[in-house]
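This report refers to the structure that appears directly beneath it.
The values are calculated or read from the model by the stated rules, or taken from the named source; none is laboratory data. Predicted, not measured: the structure shown is a model, and the values here were computed from it. Heads up, the Cβs are rebuilt from the backbone with ideal geometry, glycines too, and the neighbour counts pull from every protein chain shown.
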Amino acid sequence: MLTNYVMPGDGMFHQIYLASRESLRRVVARIAPPSEIEDIVQETYVRICQVKNPEAITSPKSFIFTTAKNLALDYQKQAGVRLVDSVDDWTEFERVINDASTDEVFQAKVASDEFAELCEAIRLLPVQCRKVFVLKKVYGYSQKEISHQLEISESTVEKHISSGTKRCMQFKRNRNKINEAKMNNSKEGFGGAYE
């Protein structure tokens, strides 16, 4: 069965696809006849597996749903069947795409990536700054407790917390710029965005 295939590299598309199969069926059901729904949903998976540069896609969930919608519309054109007549049907489609609560797998992946990024930023802090920052932000120690534990003044603790926060935020900004540049370079090579 197609759902056992894991995409090369990043498995985010695979996870989002599995988490969104029921929603995809509902969207496709508004366009195509019941006998074609599963074929269109599976063809959607085949198409996303064929994407040569998945990291260039800024919104994987939207890409998957748009692919499913387009496949259903292609079927509709070929079959000469018309099941969708009103804009209300497209409202449901947009609601499903934009509903973050139905995207638990995607949200977990994003949270995991953000946590890994924060850990990397903390790891790069100078040793004393890192100790203070972790005691404050991870373990919730007060400045006074940190001062006592590390035998440094409270003003030094405050400076380390401020410095650690600024450095972590700068790390995040730099990482975002790098990711943006990568996406822009990828898009240029493929003729634009996928959405």
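Yes/no matrix, rows are residues, columns are (1) in contact with a Ser or Thr (Cβ under 8 Å, 6 or more places away or on another chain); (2) farther than 30 Å from N185 by Cα:
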| position | (1), (2) |
| --- | --- |
| R30 | no, yes |
| I37 | no, yes |
| C49 | no, no |
| N53 | yes, no |
| T66 | no, no |
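Considering each of V41, V51, V28 in turn, give the residue that is at pLDDT below 85, among the hydrophobic types (A, V, I, L, M, F, W, C), surrounded by 16 or more Cβ atoms within 10 Å (Cβ to Cβ) and within 15 Å of T67 (Cα to Cα).
V51
Could you list all residues from the range 113-147 that are free of Cβ contacts under 8 Å to residues at least 24 places away in the same chain, surrounded by 15 or more Cβ atoms within 10 Å (Cβ to Cβ) and in a loop (DSSP other than H, G, I, E, B)?
Passing the criteria: only Y141.
For residues that are modelled with pLDDT of 75 or more and of a type in the set (D, E), scanning just the range 98-146, find the one that is farthest from S162 (Cα to Cα).
The selected residue is D113.
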